[in-house]
Amino acid sequence: MTGNPACRKFRLLVQADHDGELGVAEAAELAVHLQGCADCRAVQRQLADLSARLRSEVPRYEAPAVLRAALQAQLALASGPAQGTVVPFRAKPWREFGLAAAAAMALAASVVLWLPPAPGMDDADEIVASHIRALQPGHLTDVISTDQHTVKPWFDGRIDYAPPVRDFAAAGFPLVGGRLDYIVGRPAAALVYMRDKHVIDLYVWPHTGNAAPTVHTANGYNVVGWAGGGMRFQAVSDLNPAELRQFGDLWRTASP
Amino acid sequence: MAEAADAAAFARIALPHLDAAYNLARWLVRDPVLADDVVQDAMLRGLTYVRSFRGDNPRAWLLQIVRTSAYARLGARRDAAEVPLDPEPASEIIDEAADPEAAYLRGERHAALDQALAALPAELREIIVLRELEDMSYRDIARVLGLPLGTVMSRLWRARRALRLPVEETAR
(Lines give C-alpha, C1' and ligand atoms only; values in the text may rest on other atoms or scores of the structure.)
Protein backbone atom coordinates (compact mmCIF):
# COMPACT_ATOMS: atom_id res chain seq x y z
CA MET A 1 0.00 0.00 0.00
CA THR A 2 3.02 2.18 -0.24
CA GLY A 3 5.72 2.66 -2.79
CA ASN A 4 8.46 3.89 -0.50
CA PRO A 5 11.02 1.06 -0.03
CA ALA A 6 12.18 2.62 3.26
CA CYS A 7 8.69 2.01 4.63
CA ARG A 8 8.60 -1.69 3.77
CA LYS A 9 9.86 -2.69 7.16
CA PHE A 10 7.07 -0.70 8.76
CA ARG A 11 4.17 -2.12 6.81
CA LEU A 12 3.75 -5.21 9.00
CA LEU A 13 4.10 -3.03 12.08
CA VAL A 14 1.34 -0.74 10.85
CA GLN A 15 -0.79 -3.80 10.22
CA ALA A 16 0.00 -5.37 13.61
CA ASP A 17 -0.87 -2.06 15.26
CA HIS A 18 -4.16 -2.00 13.36
CA ASP A 19 -4.90 -5.55 14.52
CA GLY A 20 -4.05 -4.77 18.14
CA GLU A 21 -1.06 -7.11 18.08
CA LEU A 22 1.82 -4.67 18.59
CA GLY A 23 4.16 -4.76 21.58
CA VAL A 24 4.95 -1.61 23.57
CA ALA A 25 8.48 -1.11 22.21
CA GLU A 26 7.42 -1.59 18.61
CA ALA A 27 4.45 0.72 19.12
CA ALA A 28 6.79 3.49 20.25
CA GLU A 29 9.06 2.96 17.24
CA LEU A 30 6.08 3.01 14.90
CA ALA A 31 4.65 6.18 16.45
CA VAL A 32 7.90 8.05 15.76
CA HIS A 33 7.96 6.85 12.16
CA LEU A 34 4.30 7.68 11.53
CA GLN A 35 4.82 11.28 12.59
CA GLY A 36 7.18 11.84 9.72
CA CYS A 37 5.70 9.50 7.08
CA ALA A 38 2.56 10.41 5.18
CA ASP A 39 2.71 7.16 3.18
CA CYS A 40 2.51 4.99 6.26
CA ARG A 41 -0.29 7.12 7.67
CA ALA A 42 -2.14 6.51 4.41
CA VAL A 43 -1.58 2.75 4.80
CA GLN A 44 -2.97 2.99 8.31
CA ARG A 45 -6.12 4.71 7.00
CA GLN A 46 -6.55 2.19 4.20
CA LEU A 47 -6.33 -0.70 6.63
CA ALA A 48 -8.94 0.92 8.85
CA ASP A 49 -11.23 1.56 5.88
CA LEU A 50 -10.86 -1.96 4.54
CA SER A 51 -11.56 -3.58 7.91
CA ALA A 52 -14.58 -1.36 8.51
CA ARG A 53 -15.95 -2.21 5.08
CA LEU A 54 -15.28 -5.94 5.42
CA ARG A 55 -17.04 -6.03 8.76
CA SER A 56 -20.07 -4.12 7.52
CA GLU A 57 -20.43 -5.23 3.89
CA VAL A 58 -19.38 -8.87 3.90
CA PRO A 59 -21.79 -11.43 5.38
CA ARG A 60 -20.78 -13.56 8.34
CA TYR A 61 -22.93 -16.57 7.56
CA GLU A 62 -24.85 -18.15 10.42
CA ALA A 63 -25.41 -21.88 10.61
CA PRO A 64 -28.88 -22.66 9.22
CA ALA A 65 -31.41 -23.54 11.93
CA VAL A 66 -32.03 -26.92 10.34
CA LEU A 67 -28.31 -27.81 10.38
CA ARG A 68 -28.04 -26.71 14.01
CA ALA A 69 -31.07 -28.76 14.99
CA ALA A 70 -29.74 -31.81 13.14
CA LEU A 71 -26.34 -31.64 14.83
CA GLN A 72 -27.91 -31.13 18.23
CA ALA A 73 -30.14 -34.14 17.64
CA GLN A 74 -27.24 -36.31 16.46
CA LEU A 75 -25.04 -35.35 19.39
CA ALA A 76 -27.93 -35.87 21.82
CA LEU A 77 -28.40 -39.36 20.39
CA ALA A 78 -24.69 -40.12 20.56
CA SER A 79 -24.64 -38.93 24.17
CA GLY A 80 -26.93 -41.83 24.97
CA PRO A 81 -30.68 -42.22 25.03
CA ALA A 82 -32.62 -40.53 27.79
CA GLN A 83 -33.25 -42.72 30.79
CA GLY A 84 -36.12 -45.11 30.36
CA THR A 85 -36.57 -44.23 26.72
CA VAL A 86 -35.73 -46.38 23.76
CA VAL A 87 -35.26 -44.35 20.62
CA PRO A 88 -35.74 -46.07 17.29
CA PHE A 89 -33.04 -44.73 15.07
CA ARG A 90 -32.10 -45.62 11.57
CA ALA A 91 -29.07 -43.85 10.26
CA LYS A 92 -29.34 -42.42 6.80
CA PRO A 93 -26.73 -43.77 4.44
CA TRP A 94 -24.47 -40.74 4.34
CA ARG A 95 -22.57 -39.85 1.30
CA GLU A 96 -18.81 -40.10 1.11
CA PHE A 97 -18.01 -41.55 4.44
CA GLY A 98 -14.39 -41.19 5.48
CA LEU A 99 -12.97 -43.72 7.89
CA ALA A 100 -13.15 -41.28 10.76
CA ALA A 101 -16.71 -40.45 9.89
CA ALA A 102 -17.68 -44.10 9.70
CA ALA A 103 -16.04 -44.76 13.04
CA ALA A 104 -17.87 -41.90 14.66
CA MET A 105 -21.17 -42.97 13.16
CA ALA A 106 -20.65 -46.52 14.35
CA LEU A 107 -20.01 -45.04 17.76
CA ALA A 108 -23.22 -43.08 17.58
CA ALA A 109 -25.15 -46.11 16.42
CA SER A 110 -23.71 -48.31 19.13
CA VAL A 111 -25.41 -46.38 21.90
CA VAL A 112 -28.92 -46.54 20.49
CA LEU A 113 -31.14 -49.51 19.90
CA TRP A 114 -33.47 -50.23 17.07
CA LEU A 115 -36.67 -51.71 18.40
CA PRO A 116 -40.02 -51.73 16.65
CA PRO A 117 -42.76 -49.98 18.58
CA ALA A 118 -44.70 -52.36 20.79
CA PRO A 119 -48.28 -53.02 19.67
CA GLY A 120 -50.66 -50.52 21.17
CA MET A 121 -47.84 -48.27 22.31
CA ASP A 122 -48.47 -44.61 21.82
CA ASP A 123 -46.81 -43.47 18.64
CA ALA A 124 -45.03 -40.55 20.35
CA ASP A 125 -41.67 -42.34 20.36
CA GLU A 126 -41.90 -43.15 16.69
CA ILE A 127 -42.94 -39.57 15.98
CA VAL A 128 -39.80 -38.34 17.76
CA ALA A 129 -37.60 -40.78 15.85
CA SER A 130 -39.12 -39.69 12.56
CA HIS A 131 -38.58 -36.05 13.47
CA ILE A 132 -34.89 -36.68 14.27
CA ARG A 133 -34.41 -38.56 10.98
CA ALA A 134 -35.98 -35.67 9.13
CA LEU A 135 -33.56 -33.22 10.71
CA GLN A 136 -30.73 -34.65 8.63
CA PRO A 137 -29.74 -31.84 6.26
CA GLY A 138 -31.76 -31.87 3.08
CA HIS A 139 -34.40 -34.24 4.42
CA LEU A 140 -36.67 -31.87 6.27
CA THR A 141 -38.80 -30.60 3.44
CA ASP A 142 -39.83 -32.05 0.09
CA VAL A 143 -41.76 -28.92 -0.75
CA ILE A 144 -40.38 -25.66 0.55
CA SER A 145 -42.95 -22.91 0.77
CA THR A 146 -44.40 -20.58 3.33
CA ASP A 147 -47.62 -20.50 1.30
CA GLN A 148 -50.28 -22.95 2.47
CA HIS A 149 -51.83 -22.81 -1.00
CA THR A 150 -48.60 -24.22 -2.41
CA VAL A 151 -48.02 -26.82 0.27
CA LYS A 152 -51.56 -28.23 0.33
CA PRO A 153 -51.85 -29.10 -3.40
CA TRP A 154 -48.35 -30.61 -3.26
CA PHE A 155 -49.82 -33.54 -1.33
CA ASP A 156 -52.38 -34.24 -4.11
CA GLY A 157 -51.51 -37.53 -5.74
CA ARG A 158 -48.77 -38.23 -3.21
CA ILE A 159 -51.06 -39.26 -0.42
CA ASP A 160 -54.61 -40.64 -0.41
CA TYR A 161 -56.13 -37.91 1.76
CA ALA A 162 -56.06 -34.13 1.85
CA PRO A 163 -54.36 -32.91 5.02
CA PRO A 164 -55.40 -29.48 6.28
CA VAL A 165 -52.58 -26.96 5.88
CA ARG A 166 -52.44 -23.70 7.78
CA ASP A 167 -49.86 -21.00 8.29
CA PHE A 168 -49.48 -19.34 11.70
CA ALA A 169 -46.73 -16.88 10.79
CA ALA A 170 -48.73 -14.07 12.37
CA ALA A 171 -48.64 -15.93 15.69
CA GLY A 172 -44.90 -16.65 15.38
CA PHE A 173 -45.15 -20.16 13.92
CA PRO A 174 -44.42 -19.73 10.20
CA LEU A 175 -45.03 -22.64 7.85
CA VAL A 176 -41.80 -23.46 5.96
CA GLY A 177 -42.78 -26.53 3.97
CA GLY A 178 -43.98 -30.11 3.96
CA ARG A 179 -42.90 -33.62 3.15
CA LEU A 180 -44.20 -37.15 2.86
CA ASP A 181 -43.23 -39.35 5.81
CA TYR A 182 -44.13 -42.75 7.23
CA ILE A 183 -45.57 -43.23 10.69
CA VAL A 184 -46.23 -46.77 11.96
CA GLY A 185 -45.87 -48.07 8.43
CA ARG A 186 -48.39 -45.77 6.77
CA PRO A 187 -47.78 -42.64 4.72
CA ALA A 188 -48.40 -39.45 6.63
CA ALA A 189 -48.25 -35.78 5.73
CA ALA A 190 -45.64 -33.85 7.67
CA LEU A 191 -45.95 -30.07 7.83
CA VAL A 192 -42.83 -28.19 8.87
CA TYR A 193 -42.97 -25.03 10.97
CA MET A 194 -40.37 -22.87 12.65
CA ARG A 195 -40.57 -21.23 16.05
CA ASP A 196 -37.56 -18.95 16.40
CA LYS A 197 -34.73 -21.42 15.72
CA HIS A 198 -36.73 -24.54 16.60
CA VAL A 199 -38.13 -26.86 13.97
CA ILE A 200 -41.66 -28.19 14.54
CA ASP A 201 -42.90 -31.20 12.58
CA LEU A 202 -46.68 -31.65 12.52
CA TYR A 203 -47.74 -35.13 11.39
CA VAL A 204 -51.30 -35.42 10.10
CA TRP A 205 -53.17 -38.57 9.11
CA PRO A 206 -56.84 -39.70 8.93
CA HIS A 207 -58.42 -40.75 12.18
CA THR A 208 -61.96 -41.11 13.42
CA GLY A 209 -63.01 -39.62 16.72
CA ASN A 210 -61.76 -36.78 18.83
CA ALA A 211 -59.02 -36.68 21.44
CA ALA A 212 -58.04 -33.89 23.81
CA PRO A 213 -54.41 -32.72 23.62
CA THR A 214 -51.80 -34.80 25.42
CA VAL A 215 -48.13 -33.99 25.97
CA HIS A 216 -45.34 -36.56 25.87
CA THR A 217 -41.60 -36.16 26.28
CA ALA A 218 -39.12 -38.54 24.70
CA ASN A 219 -35.35 -38.10 24.49
CA GLY A 220 -35.57 -34.38 25.07
CA TYR A 221 -38.26 -33.81 22.49
CA ASN A 222 -41.83 -32.82 23.26
CA VAL A 223 -44.84 -34.23 21.45
CA VAL A 224 -48.32 -32.70 21.57
CA GLY A 225 -51.02 -34.89 20.07
CA TRP A 226 -54.73 -34.47 19.52
CA ALA A 227 -57.48 -35.65 17.18
CA GLY A 228 -60.43 -33.96 15.55
CA GLY A 229 -62.07 -33.16 12.23
CA GLY A 230 -61.29 -36.65 10.94
CA MET A 231 -57.55 -36.28 11.48
CA ARG A 232 -54.95 -37.27 14.04
CA PHE A 233 -52.30 -34.60 14.73
CA GLN A 234 -48.90 -35.04 16.38
CA ALA A 235 -46.62 -32.01 16.75
CA VAL A 236 -43.00 -32.71 17.73
CA SER A 237 -40.15 -30.34 18.50
CA ASP A 238 -37.38 -29.53 20.93
CA LEU A 239 -39.43 -26.43 21.66
CA ASN A 240 -40.61 -26.11 25.26
CA PRO A 241 -43.92 -27.85 26.09
CA ALA A 242 -45.80 -24.61 26.80
CA GLU A 243 -45.11 -23.10 23.39
CA LEU A 244 -45.68 -26.39 21.61
CA ARG A 245 -49.04 -26.67 23.35
CA GLN A 246 -49.78 -23.10 22.24
CA PHE A 247 -49.07 -24.22 18.68
CA GLY A 248 -51.53 -27.11 19.15
CA ASP A 249 -54.16 -24.75 20.54
CA LEU A 250 -53.79 -22.47 17.50
CA TRP A 251 -54.46 -25.45 15.29
CA ARG A 252 -57.42 -26.75 17.24
CA THR A 253 -59.15 -23.39 17.46
CA ALA A 254 -58.50 -22.72 13.76
CA SER A 255 -59.95 -26.07 12.68
CA PRO A 256 -63.65 -26.05 11.79
CA MET B 1 -20.17 -45.11 28.58
CA ALA B 2 -16.99 -43.34 27.49
CA GLU B 3 -18.16 -42.75 23.93
CA ALA B 4 -21.36 -41.14 25.12
CA ALA B 5 -19.30 -38.90 27.42
CA ASP B 6 -17.14 -37.94 24.42
CA ALA B 7 -20.24 -36.91 22.49
CA ALA B 8 -21.49 -34.83 25.41
CA ALA B 9 -18.08 -33.19 25.81
CA PHE B 10 -17.87 -32.51 22.10
CA ALA B 11 -21.34 -30.95 22.07
CA ARG B 12 -20.23 -28.53 24.81
CA ILE B 13 -17.05 -27.64 22.92
CA ALA B 14 -18.44 -27.38 19.41
CA LEU B 15 -22.03 -26.18 19.46
CA PRO B 16 -21.23 -22.68 20.82
CA HIS B 17 -18.95 -22.17 17.79
CA LEU B 18 -21.28 -23.58 15.16
CA ASP B 19 -21.81 -20.22 13.46
CA ALA B 20 -18.04 -19.68 13.19
CA ALA B 21 -17.67 -23.21 11.80
CA TYR B 22 -20.38 -22.66 9.23
CA ASN B 23 -19.08 -19.24 8.23
CA LEU B 24 -15.59 -20.57 7.54
CA ALA B 25 -16.97 -23.58 5.67
CA ARG B 26 -19.28 -21.39 3.62
CA TRP B 27 -16.51 -18.98 2.62
CA LEU B 28 -14.12 -21.81 1.80
CA VAL B 29 -16.46 -23.86 -0.41
CA ARG B 30 -18.71 -20.97 -1.51
CA ASP B 31 -21.77 -23.20 -1.73
CA PRO B 32 -24.45 -23.47 0.98
CA VAL B 33 -25.22 -27.16 0.45
CA LEU B 34 -21.56 -28.17 0.39
CA ALA B 35 -20.98 -26.01 3.49
CA ASP B 36 -23.62 -28.08 5.33
CA ASP B 37 -21.77 -31.25 4.35
CA VAL B 38 -18.44 -29.79 5.45
CA VAL B 39 -19.80 -28.90 8.88
CA GLN B 40 -21.33 -32.37 9.22
CA ASP B 41 -17.97 -33.92 8.29
CA ALA B 42 -16.17 -31.68 10.75
CA MET B 43 -18.54 -32.65 13.56
CA LEU B 44 -17.92 -36.35 12.96
CA ARG B 45 -14.17 -35.78 12.73
CA GLY B 46 -14.21 -33.65 15.85
CA LEU B 47 -16.20 -36.27 17.73
CA THR B 48 -13.58 -38.85 16.79
CA TYR B 49 -10.69 -36.66 17.91
CA VAL B 50 -12.34 -34.95 20.89
CA ARG B 51 -9.84 -36.55 23.27
CA SER B 52 -7.02 -34.66 21.53
CA PHE B 53 -8.63 -31.38 22.61
CA ARG B 54 -6.50 -29.91 25.40
CA GLY B 55 -9.01 -27.51 26.84
CA ASP B 56 -7.73 -24.25 25.41
CA ASN B 57 -9.43 -22.29 22.67
CA PRO B 58 -12.22 -24.57 21.43
CA ARG B 59 -12.99 -22.25 18.51
CA ALA B 60 -9.50 -22.51 16.97
CA TRP B 61 -9.54 -26.27 17.52
CA LEU B 62 -12.91 -26.64 15.81
CA LEU B 63 -12.07 -24.31 12.91
CA GLN B 64 -8.88 -26.25 12.26
CA ILE B 65 -11.04 -29.35 11.77
CA VAL B 66 -13.58 -27.46 9.64
CA ARG B 67 -10.78 -26.25 7.40
CA THR B 68 -9.41 -29.78 6.95
CA SER B 69 -12.91 -31.03 6.12
CA ALA B 70 -13.50 -28.22 3.64
CA TYR B 71 -10.28 -28.90 1.75
CA ALA B 72 -11.06 -32.62 1.74
CA ARG B 73 -14.44 -31.90 0.12
CA LEU B 74 -12.93 -29.47 -2.37
CA GLY B 75 -10.22 -32.00 -3.20
CA ALA B 76 -12.83 -34.69 -3.74
CA ARG B 77 -14.67 -32.41 -6.13
CA ARG B 78 -11.52 -31.47 -8.00
CA ASP B 79 -10.52 -35.08 -8.42
CA ALA B 80 -13.98 -35.68 -9.89
CA ALA B 81 -14.46 -38.40 -7.30
CA GLU B 82 -17.97 -37.06 -7.04
CA VAL B 83 -19.86 -36.19 -10.16
CA PRO B 84 -21.65 -32.93 -9.47
CA LEU B 85 -25.37 -32.90 -10.23
CA ASP B 86 -25.05 -29.35 -11.42
CA PRO B 87 -21.81 -28.43 -13.16
CA GLU B 88 -22.19 -24.78 -12.21
CA PRO B 89 -21.15 -24.91 -8.53
CA ALA B 90 -18.27 -27.28 -9.29
CA SER B 91 -16.75 -24.85 -11.74
CA GLU B 92 -16.87 -22.20 -9.05
CA ILE B 93 -14.69 -24.34 -6.83
CA ILE B 94 -11.72 -23.66 -9.05
CA ASP B 95 -10.28 -20.28 -8.33
CA GLU B 96 -11.15 -18.41 -11.46
CA ALA B 97 -9.54 -15.22 -10.23
CA ALA B 98 -6.12 -16.72 -9.75
CA ASP B 99 -4.43 -13.39 -9.87
CA PRO B 100 -6.52 -10.65 -8.29
CA GLU B 101 -3.55 -8.36 -8.15
CA ALA B 102 -3.11 -8.50 -11.89
CA ALA B 103 -6.80 -7.74 -12.22
CA TYR B 104 -6.30 -4.81 -9.90
CA LEU B 105 -3.35 -3.50 -11.85
CA ARG B 106 -5.41 -3.66 -15.01
CA GLY B 107 -7.67 -1.22 -13.24
CA GLU B 108 -10.68 -3.47 -12.90
CA ARG B 109 -13.10 -2.46 -10.22
CA HIS B 110 -14.70 -5.14 -8.11
CA ALA B 111 -18.47 -4.99 -8.21
CA ALA B 112 -18.70 -5.52 -4.47
CA LEU B 113 -16.40 -6.32 -1.62
CA ASP B 114 -17.98 -9.69 -0.88
CA GLN B 115 -17.48 -10.71 -4.49
CA ALA B 116 -13.88 -9.57 -4.31
CA LEU B 117 -13.40 -11.71 -1.21
CA ALA B 118 -15.09 -14.70 -2.83
CA ALA B 119 -12.76 -14.35 -5.81
CA LEU B 120 -9.56 -14.42 -3.75
CA PRO B 121 -7.44 -17.57 -3.74
CA ALA B 122 -8.51 -19.78 -0.84
CA GLU B 123 -5.33 -19.19 1.18
CA LEU B 124 -5.91 -15.44 1.13
CA ARG B 125 -9.70 -15.71 1.53
CA GLU B 126 -9.54 -17.86 4.66
CA ILE B 127 -7.14 -15.56 6.48
CA ILE B 128 -9.41 -12.55 5.85
CA VAL B 129 -12.41 -14.53 7.12
CA LEU B 130 -10.58 -15.53 10.30
CA ARG B 131 -9.18 -12.05 11.02
CA GLU B 132 -11.97 -9.74 9.90
CA LEU B 133 -15.15 -11.81 10.26
CA GLU B 134 -14.18 -14.03 13.19
CA ASP B 135 -11.92 -11.40 14.82
CA MET B 136 -9.26 -13.98 15.69
CA SER B 137 -5.81 -13.14 17.06
CA TYR B 138 -2.68 -13.86 15.03
CA ARG B 139 -1.89 -16.69 17.42
CA ASP B 140 -5.26 -18.38 16.90
CA ILE B 141 -5.08 -17.87 13.15
CA ALA B 142 -1.62 -19.47 13.17
CA ARG B 143 -3.12 -22.45 14.95
CA VAL B 144 -6.07 -22.84 12.57
CA LEU B 145 -3.88 -22.55 9.49
CA GLY B 146 -0.87 -24.43 10.89
CA LEU B 147 1.50 -21.56 10.05
CA PRO B 148 4.22 -19.67 11.94
CA LEU B 149 3.22 -16.22 13.19
CA GLY B 150 5.45 -14.43 10.69
CA THR B 151 3.74 -16.17 7.79
CA VAL B 152 0.34 -15.26 9.19
CA MET B 153 1.37 -11.60 9.18
CA SER B 154 2.81 -11.57 5.68
CA ARG B 155 -0.08 -13.58 4.24
CA LEU B 156 -2.63 -11.31 5.89
CA TRP B 157 -0.83 -8.36 4.35
CA ARG B 158 -0.95 -9.98 0.92
CA ALA B 159 -4.65 -10.74 1.32
CA ARG B 160 -5.47 -7.18 2.30
CA ARG B 161 -3.38 -5.77 -0.51
CA ALA B 162 -5.20 -8.03 -2.96
CA LEU B 163 -8.56 -6.79 -1.65
CA ARG B 164 -7.76 -3.13 -1.59
CA LEU B 165 -9.92 -1.24 -4.00
CA PRO B 166 -8.28 1.08 -6.50
CA VAL B 167 -8.27 4.33 -4.59
CA GLU B 168 -4.89 5.95 -4.47
CA GLU B 169 -1.50 5.52 -6.01
CA THR B 170 -0.74 2.16 -7.61
CA ALA B 171 2.98 2.14 -6.87
CA ARG B 172 4.23 -0.98 -5.12
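Solvent-accessible surface, computed for protein heavy atoms with a probe of 1.4 Å, shrinks by 20 Å² or more for the following residues of the stretch B:27-49 when the other protein chains are added to the isolated chain: B:TRP27, B:ASP36, B:ASP37, B:GLN40, B:MET43, B:LEU44, B:LEU47, B:THR48. Using a probe of 1.4 Å, the accessible surface attributed to B:ASP56 totals some 70 Å² when neighbouring protein chains are kept in position.
For the stretch B:1-75, the relative contact order works out to 41 percent when only alpha carbon pairs closer than 8 Å and six or more residues apart are counted.
Each residue was assigned an accessible area with a 1.4 Å probe, and for B:TYR71 the value is about 80 Å². When the gyration tensor of the stretch B:1-75 is built from Cα positions, what are the square roots of 5 times its three eigenvalues, in whole Å, from largest to smallest? Ellipsoid half-lengths, sorted descending, are 22, 12, 10 Å.
Kirkwood radius, the stretch A:123-253, all distinct C-alpha pairs, inverse of mean reciprocal distance: 14.4 Å.
Exposure check, 1.4 Å probe, all protein chains in place: A:ASP156 carries approximately 100 Å² of accessible surface.
Among A:LYS197, A:LYS152, the order of accessible area from largest down is A:LYS197, A:LYS152, computed with a 1.4 Å probe on protein heavy atoms.
Largest first, the residues B:THR68, A:THR208 sort by 1.4 Å accessible area into A:THR208, B:THR68.
The values are calculated or read from the model by the stated rules, or taken from the named source; none is laboratory data. Model, not experiment: these values are computed from the prediction. Ligands, DNA and RNA are excluded from the accessible area calculation, which covers all protein heavy atoms including side chains. Shrake-Rupley method; radii C 1.70, N 1.55, O 1.52, S 1.80 Å.
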